[in-house]
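Some notes on the structure that comes next.
Values quoted throughout were computed directly from the atomic coordinates according to the rules given, and no laboratory measurement underlies them. No experiment lies behind these values; they were computed from the predicted model shown. FYI the Cβ positions are ideal-geometry reconstructions off the backbone, even for glycines, and counts take in every protein chain you see.
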Amino acid sequence: MPKSNGEIINRNFADIFSGEMRYVIPFFQRGYVWGARNWNQLKQDIEEQVLEPAQDGDLAEQEHFFGPVVVAERSGDPRFKVFDIIDGQQRFTTVYLMLAYFRRRLETLLAKAPKAREHYDAAGRWLINRTDARQAHDDYWRIKLFSVKGDRLATYYSVFGNRNPATPSLQEDLYLYMPNGNISGKFERWMGRNFGAIGDEDIWRWIGALTECLKVVWIPLGGRDDPQAIFESLNDKGIPLTAAELMCNYLFRPLIADGVDHESLHRSHWVNVQQIDRSSPVADLFDFEEYLRHLFSIGHSKIIGKGRRLYVFFKQHNRKLDAGAARRHLDDIAESAPLYRRILGESAGGASAVDGLLERIGATNMTSCRPFLLAVLQKERDGEISTEEAASLVRAVYVLLVRRKVAELPVTRYDSFFPSLADRIAERDRTNLTATLHDAIKKEQLWVGDDEFRDALVKRPVYRPRELGFTRLVLEEIDRHLANEKGGELPDYSTLDTVEHIAPQDIRSSGDWQREMGGDAQRDDYARIVNTIGNLCLRKRERNSEMGRRPFAEKRLLLRESPSRLALDAAERAGPWNFASVEKRSAHLARTAAAVWAWSASS
């Protein structure tokens, strides 16, 4: 058992894990995050530095330095030592999980290998505490490595197999446990690939290498040392904590000091926010740290930077964070997360006008507007503005984004325009919030008038290979408007999944189209003009192959069969199909687009 006299000495894991003790991964630590790169490196180091040199000699003579381990002993029963691991938890956890895996492998060999029972029992003494009557009510006292942040059930399973412990926190831990996403589970699979076929003696050599030959510098902290501050200063040497992890530690520190049930609060207000059902349409889009950036940017002069800058920003603005303020921040994080998922499109296809607009904004790939959108949804939720006012404000943002994107205008000012926009509007007359928003857009010189917008649609490419979602958005919205004007039934746009070029993008091998285009086929700006809106329509993918490089007269016949109004519009135009025809159609569709993305009359 490790000594507690404050002495800094070298230790191996046979010494560290001997006797009755618990090593606790404290709350301010992250969970287990090592991956295949780290595991492969450790395996290679042990093979090269320990096992290979010991092939013809004594394994105990080999040493491999495994870095420092910083611990803080908790006061309590001297018969049962409890240490917080301040630095070294990833290495510490890896060794413990490796020993657990090897012990379970030995269990499968008990009937086959003569020494398997002896080795199995020896490994168990390093992994498992004997529980006395005082601790018998909680099986977690049996494992020597204990995490307070969701990994403890996975660790218990690693030691004892998938049988549940008798513990008061079982239901909570079952909720936090993710069989397919847990890092410990990935580690188990990695161990199986690398060690699943080795026999008893090889397993025992690996156990010996881990327990006898890996040496750590054991650094115990004194009573006046601040474990969390020391942990943060040491963390840069390993896998750096994310900004969200640092924020979590900072938010919960005053709550822990205040005696709050921080584990339940952590589960309900932090972990739950990040766990999204895989069937959700935004499961792959929701980035928790990005959400925090946009949430805490509301009301500030600029969107918070990425990475550690989020934590630095939050800490600077919450220097005297008490338990009450921390709880309010956590409430805000939990209550605003569903609104943020709406912005990502979780309610796409619903009847709400706001959600329909949010889905369309998502297709623009403009994320800098999210602090404002989130603030608008918060105000709608809290009854500060009506649903109609919220829809009007969101639509104004949508119009702004589409017009500027079509015109290929700079977006760099968005980062400083949107975060404080809700407050700027609230300071003005409430009689017409949208007009106030328009005034702000004009003041920032972000306004795009009808003439500029129409001109951009005639001259600039709408077809953008790297942003086909935006291309489809523009075409679908115009197609929908044309269909509504004709009073016909709207097509199923999910089936119109291909953007068709009427004049092909490359006509070098098409004699028909070279004759159709005449001198235009040789123009230097050919690639630009064939990608403008006048040369585009929507088609079903299975029908697209029949279009190919057919001459325009044949394409017209095929386009007449389409449910798309854009396709029918092209089919109604007489040839020849040249640049003059494309530009004429672009100008016509640009007028429609100006109506689709119209500034309201209040502008």
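Can you tell me the relative contact order of the chain? Whole percent, Cα pairs under 8 Å, sequence separation 6 or more.
Numbers: 791 pairs, mean separation 70.2, N = 603.
Relative CO of the chain lands at 12 percent.
State the number of lysine pairs found in segment 246-447 whose Cα atoms come within less than 22 Å, restricting to pairs 8 or more positions apart or on distinct chains. Please list the in-between numbers first.
Numbers: Lys302/Lys315; Lys302/Lys379; Lys302/Lys405; Lys302/Lys442; Lys302/Lys443; Lys306/Lys315; Lys405/Lys442; Lys405/Lys443.
Going through segment 246-447 pair by pair, I get 8.
Give the aspartates and glutamates whose C-alpha is closer than 13 Å to that of Lys81, dropping any in the same chain fewer than 8 places away, or say none.
List returned: Glu20, Glu73.
Could you give me the ³J(HN,Hα) list for segment 508-523, computed from phi with Karplus coefficients 6.51, -1.76, 1.60 and θ = phi - 60°, whole Hz, x at Gly and Pro?
4, 9, 10, x, 4, 6, 5, 5, 4, 7, x, x, 4, 4, 9, 6
Calculate for the chain the 222 nm mean residue ellipticity that helices alone would give, adding -39,500 (n - 2.57) per DSSP H run of length 4 or more and normalising by residue count, nearest 500 deg cm²/dmol. Spell out each step's value before the answer.
Details: 28 runs with 296 residues, N = 603.
Using -39500 (n - 2.57) per qualifying helix, the result is -14500 deg cm²/dmol.
So what's the projected area for segment 434-517, the Cα convex hull averaged over all directions, in nm²? Please report the intermediate quantities before stating the final value.
On the way: hull surface 36.7 nm².
Seen from a random direction, the Cα hull of segment 434-517 projects 9.2 nm² on average.
Could you point to the label whose value was computed as P(r) over Cα pairs in 10 Å bins from 0, in percent for the structure here, given [x] 3, 15, 23, 22, 18, 11, 6, 2, 1, 0, 0; [y] 3, 14, 19, 17, 14, 13, 11, 7, 2, 0; [z] 3, 15, 25, 26, 19, 9, 2, 0?
[y]
Let me know the charge dipole size of segment 454-596 about its Cα centre in debye, to the nearest 20, where only the beta-carbon of Lys, Arg (+1) and Asp, Glu (-1) is charged.
Numbers: 26 positive and 23 negative charges, 46 e Å.
Dipole size: approximately 220 debye.
Note down the relative contact order for segment 246-447 as a percent, whole number, built from C-alpha pairs under 8 angstrom at least six residues apart.
Working: 194 pairs, mean separation 47.6, N = 202.
Worked out over segment 246-447, it gives 24 percent.
I need the phi-derived Karplus couplings for segment 88-95: 6.51 cos²θ - 1.76 cosθ + 1.60, θ = phi - 60°, integer Hz, Gly and Pro marked x.
With coefficients 6.51, -1.76 and 1.60, one gets x, 5, 5, 5, 4, 5, 4, 4 Hz.
Lysine pairs in segment 454-596 with Cα distance under 23 Å, only those 8 or more apart or on different chains: how many are there?
Details: Lys459/Lys584; Lys486/Lys540; Lys486/Lys555; Lys486/Lys584; Lys540/Lys555; Lys555/Lys584.
Qualifying lysine pairs in segment 454-596: 6.
Please name whichever of Tyr250, Val499, Ile304 sits farthest to the positive end of the charge dipole of the chain, dipole taken about the Cα centre and charges placed at Cβ: Lys and Arg +1, Asp and Glu -1.
Val499
Taking amide H positions as placed 1.01 Å from N in the peptide plane, with prolines and chain starts having none, which residues 5 or more places from Ile86, or on another chain, fall under 5 Å of its amide H?
It is Val70, Val71, Ala72, by chain and number.
State to the nearest 20 debye the size of the charge dipole of the chain about its Cα centre, where the only charges are +1 on K and R beta carbons and -1 on D and E beta carbons. Walk me through the intermediate numbers first.
Numbers: 86 positive and 87 negative charges, 168 e Å.
That gives a dipole near 800 debye.
Helix 36-46 versus the longest principal axis of the chain: what angle, 0 to 90°, nearest 10, using Cα atoms?
30
Run down the lysines and flag those whose C-alpha is under 19 Å from the C-alpha of Lys186, throwing out any fewer than 8 positions away in its chain.
The reachable lysines, counting only those whose Cα sits under 19 Å from Lys186, are Lys43, Lys149.
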